[in-house]
Amino acid sequence: LALALWQLGYPEQARRVSLETLKLARAIKHPFSLAYAQHHTSWLYHQLGLPAETKEASEEGIQTATEQGFAMFHATATLYKAAGVLLEGHPNEALPLLMQGLEAYRATGAGLALPYYLSILGDAYIQVGRPDDAREVLDEGLAIAERSDELCQKAELYRLKGELALRTGSQNGDAEVHFRRAIG
């Protein structure tokens, strides 16, 4: 619900629902529900562009996932921690965490939200000046999105491809094409 509220343009309501969900998960003392709530809280804070909150929620998620042996939630919490570090403007610190989290996530066999996680990795590669790596993961994210019909991250992947084209000095209009795809 919190993510839906954010996507509908209600960030404060989304934060409130997220906090209520965490409170409820703690109150019922159900570790999986807590890990699930921490996962979505980290996701929400990343979407809201809140680095400290993203890191804090993800670190709590790492703790819960470690204590309970929840491999997938440990992987996603690691990805969100990296996303928080990236939001702080430290892409070189974020990259190893992103690689570790993505490898662990793939090892679980999970695939949902992979285009989202690849967009975060692509952003980090752009920020550290690794255009070939950025292009590769952004293209992979788009291919997975198309193949799985998981299209909610498609605009962001194209926006990042536009950013990449701008940073690499593409002269053939690639940036505009990608930006138009992002809004179209």
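The values are calculated or read from the model by the stated rules, or taken from the named source; none is laboratory data. This one's a predicted model, so the numbers in the text were calculated from it and none came from an experiment. Cβ placement follows ideal geometry from the backbone for every residue including glycine, while neighbour counts extend to all protein chains displayed. When the accessible area is computed, the model is the full protein with side chains, heavy atoms only, and any ligands, DNA or RNA have been set aside. Shrake-Rupley method; radii C 1.70, N 1.55, O 1.52, S 1.80 Å.
Okay, here's what the table says:
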read-out	value
Of residues in the stretch 20-29 being without any contact (Cβ under 8 Å) to a residue 12 or more places away in the chain and open to solvent by less than 100 Å² (accessible area, probe 1.4 Å), the one nearest to Thr54 (Cα to Cα)	Ala27
Residue in the stretch 121-139 that is basic (Lys, Arg) and either within 13 Å of the chain's Cα centre (by Cα) or in a loop (DSSP other than H, G, I, E, B) (or both) present	yes
Residue that is closer than 21 Å to Ala75 by Cα and modelled with pLDDT of 95 or more, where the choices are Gly111, Gly122	Gly122
Condition met for Ala77 (closer than 26 Å to Glu20 by Cβ, in contact with an Asp or Glu (Cβ under 9 Å, 6 or more places away or on another chain) and part of a helix (DSSP H, G or I))	yes
Answer from Gly89, Gly111 - the residue that is open to solvent by 30 Å² or more (accessible area, probe 1.4 Å), closer than 17 Å to Cys152 by Cα and part of a loop (DSSP other than H, G, I, E, B)	Gly111
Members of the stretch 133-165 that are free of Cβ contacts under 8 Å to residues at least 24 places away in the same chain and surrounded by 15 or more Cβ atoms within 10 Å (Cβ to Cβ)	Asp133, Glu136, Val137, Glu140, Arg159, Gly162, Ala165
Check on Leu44, at pLDDT 95 or above and at negative phi	yes
Odd one out for Ile62 among (1) modelled with pLDDT of 95 or more; (2) of a type in the set (A, V, I, L, M, F, W, C); (3) outside any helix (DSSP H, G or I)	(3)
One residue from Ala57, Ala37 being farther than 17 Å from Leu87 by Cβ and either surrounded by fewer than 20 Cβ atoms within 10 Å (Cβ to Cβ) or of a type in the set (A, V, I, L, M, F, W, C) (or both)	Ala37
Scan of the stretch 116-132 for residues that are open to solvent by less than 10 Å² (accessible area, probe 1.4 Å), within 12 Å of Lys161 (Cα to Cα) and among the hydroxyl-bearing types (Ser, Thr, Tyr), ordered by number	Ser119
Which listed residue, of Leu95, Leu166, Leu102, Leu118, is closer than 15 Å to Ser58 by Cα and assigned to a helix (DSSP H, G or I)	Leu102
Leu5 vs. criteria surrounded by 21 or more Cβ atoms within 10 Å (Cβ to Cβ) and either within 19 Å of the chain's Cα centre (by Cα) or at pLDDT 95 or above (or both)	no
Residues of the stretch 166-184 classified as of a type in the set (D, E, K, R) and open to solvent by less than 80 Å² (accessible area, probe 1.4 Å), total	1
